[in-house]
1. Of everything in the range 492-501 that's at pLDDT below 90 and open to solvent by 20 Å² or more (accessible area, probe 1.4 Å), which residue is farthest from the chain's Cα centre (by Cα)?
2. Could you list, in sequence order, the residues of the range 546-565 that are farther than 18 Å from Ile220 by Cα and either free of Cβ contacts under 8 Å to residues at least 24 places away in the same chain or of a type in the set (Gly, Ala, Ser) (or both)?
3. Might you let me know whether the range 522-534 holds any residue that is open to solvent by less than 20 Å² (accessible area, probe 1.4 Å), under 20 Å from Ala319 (Cα atoms), within 28 Å of the chain's Cα centre (by Cα) and modelled with pLDDT of 95 or more?
4. Which residues, taken from the range 214-245, are open to solvent by 10 Å² or more (accessible area, probe 1.4 Å) and either over 21 Å from Glu272 (Cα atoms) or without any contact (Cβ under 8 Å) to a residue 12 or more places away in the chain (or both)?
5. Condition first: farther than 30 Å from Arg79 by Cα, part of a helix (DSSP H, G or I) and basic (Lys, Arg). Can you find one or more residues in the range 396-415 that meet it?
6. Exactly one condition in (1) open to solvent by 10 Å² or more (accessible area, probe 1.4 Å); (2) in contact (Cβ under 8 Å) with a residue 60 or more places away in the chain; (3) touching a helix residue (DSSP H, G or I) at 6+ places or on another chain (Cβ under 8 Å) is not met by Asn383; state its number.
7. Pairs under 9 Å by beta carbon, first residue farther than 19 Å from Trp412 by Cα and small (Gly, Ala, Ser) in the range 347-370, partner open to solvent by 30 Å² or more (accessible area, probe 1.4 Å) and in a helix (DSSP H, G or I), six or more apart or different chains?
8. Out of the helices (runs of 4 or more DSSP H) lying entirely within the range 273-357, which hold 3 or more residues that are of a type in the set (Ser, Thr, Tyr)?
Amino acid sequence: MSNHFNMPDEVMHGFSRSAKDFMSALAGVPKATAIAPAILHQAGTRYWGQQWNLWTSMLNGPSEDQAQTVEGQASRDQRFRAQEWSSNRWYSLLRQSYVANADLLEELVGATAYGESDKHRLRFFMRQFIDAASPTNYAATNPEAIRAAIESNGESLRTGMSNLLADLARGTITITDETAFEVGHNVAASEGAVVFENDLFQLIQYAPLTTHVAKRPLLIVPPCINKFYILDLQPDNSFVRFAVEQGQTVFMVSWRNADAETAQTTWDDYLETGVMEAIDATLAITGADKVNTIGWCVGGTILSSALAVIRAREEDKVASLTLLTTMLDFTDPGDLGVFIDEQTVVQRELSIGSGGIYPGRELGFVFQMLRANDLIWPYVINNYLKGKSPAAFDLLYWNSDSTNLPGPMYAWYLRNMYLENNLRVPGKLTMCGVPIDLGRVDMPAYVLATQDDHIVPWQSAWRSTQLLGGDVQFVLGASGHIAGVINPATKNKRCYWIDGGIDSGIDGAATGDHERDADEWFASAQRAPGTWWNHWIAWLQPHAGGQVKARAKLGSRQFLPIEPAPGRYVKARAD
């Protein structure tokens, strides 16, 4: 088949690397399980008992208890929500056999003698295999796909094949109607202007919506692995608009999508030419004594590193730090850790560590694998098996707008953060010519984690409270890495937890057992209804430096507006 219909090499590398890791780990299962015969015997006995009951139910009809169990399982797993998975004996057998097989494979992983890290790795790739093997993912065993084909006289299958060929040509799965959105029109549409730019980023200043504003501006450093407009989707769910409505003068870093001209960019460049220049420009434009800062995910890691450099230079430019789902201690990187080992990092260092590009689509595919049953298989089923078109969803449009990274920065980040976890050790790393100690980042900090985060486990985010040197307010939001952060005040949904007993910034009662400390914090934390946004803005007010009259013009004499927000950089698409 021609290259036109193949996935890009980097995406295929992701598939092949994952398969190689899985098969390598799986090869050790028989040897490892041989030392746990009791567990293996129990798993086998339970499995064949389940199979006997399934076939008995198939031939004679389910008992009342079995029928209730089937209904309960179907209601918990959205993949099997079609009525046939419960009402039709064949489909019910198929589904329950799949569940039994999945349980057996997961028990085999648990029976191995691997260490916890290797077991986690094997469990993750086993889960990818299990998810891929679901009968819902294949036309011949998906009752909804079969029904759609019959009702449309095969048109759904023809359309599905067209969708598949189009996605193969694109090199990615279509997860939303991308024609429904335009950056700067109906996403990233808050009024403002680019007031500074260099080769690495553009600085956006947003127009005020109140007569008076906080004297100290608010600078947001988003992740460079995604576009900034996750924080400015549409008016009713825009964090930027919320902050502006609360009287904040908001500045946003819009990172350049890495290309051949920026392929040599290093981690230090992101600090010196990125965050620190953004802070200086923000202060120069507003005339404020200090700036309040926010960093999200790797943007928070970059921001914290830059603040450590600033404090090492004895500079005092920042009034407060807010970290959103950010890791500073990478002891437990969650499922992302299964992709990172010495071999992988060395390979990246040799291929792009001295210059080159890490394609955004490859990283996007890794993130999709972390939530395959949300971000891969539902679209395989709807787009290809049923011949449907995905709905328009602003968050998924942003999710598919991938961003390249410069190789030197990415390789350094992998080794020093994920692989060696050096940032947490005072003096271990030198950045911008000075040794780094997060303990010197001593301004007040607001650290937000989210309970179901699959990228930054909340206990890992909690560890930041043990590293930062100032008073820390730790908050745990409901939901995950994205939905837990983008929880707009206009809807005020979900909940969050505050004021646990091990909050280091309050009483310093850390025991050194960080996972236990995090659990103890949660055990005594207070649950509050609604969004954390309102709690955060109340926390920020004492650091605002008072109020001044809002200025009608953006920028300053030195920093004249260059172009309207959201600027050129955010509109550049990754290849």
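1. Of all residues in the range 492-501, those at pLDDT below 90 come to 492-493, 500-501.
In the following step, the residues that additionally are open to solvent by 20 Å² or more (accessible area, probe 1.4 Å) were identified as 492-493, 501.
Values: Asn492: 22, Lys493: 20, Gly501: 28 Å.
Top of the filtered list is Gly501.
2. Answer for the range 546-565, where residues must be farther than 18 Å from Ile220 by Cα and either free of Cβ contacts under 8 Å to residues at least 24 places away in the same chain or of a type in the set (Gly, Ala, Ser) (or both): Gly546, Ala550, Ala552, Lys553, Ser556, Arg557.
3. yes
4. The answer is Lys215, Arg216, Gln234, Pro235, Asp236, Asn237, Arg241, Phe242, Glu245.
5. Going residue by residue through the range 396-415, those that are farther than 30 Å from Arg79 by Cα are 403-415.
Still in the list and also part of a helix (DSSP H, G or I): 407-415.
Among the residues that remain, those that are also basic (Lys, Arg) are: 415.
For the range 396-415, residues farther than 30 Å from Arg79 by Cα, part of a helix (DSSP H, G or I) and basic (Lys, Arg): present.
6. Among (1) open to solvent by 10 Å² or more (accessible area, probe 1.4 Å); (2) in contact (Cβ under 8 Å) with a residue 60 or more places away in the chain; (3) touching a helix residue (DSSP H, G or I) at 6+ places or on another chain (Cβ under 8 Å), the lone unmet condition for Asn383 is (1).
7. These pairs meet every condition: Gly364/Asn399; Gly364/Ser400.
8. 298-312
The values are calculated or read from the model by the stated rules, or taken from the named source; none is laboratory data. Remember, it's a predicted structure, so these values are computed and weren't measured experimentally. Neighbour counts are summed over all protein chains in view; Cβ atoms, including those assigned to glycine, are modelled from backbone coordinates with ideal geometry. These accessible areas exclude ligands, DNA and RNA; they are computed on the full protein's heavy atoms, side chains included. Shrake-Rupley method; radii C 1.70, N 1.55, O 1.52, S 1.80 Å.
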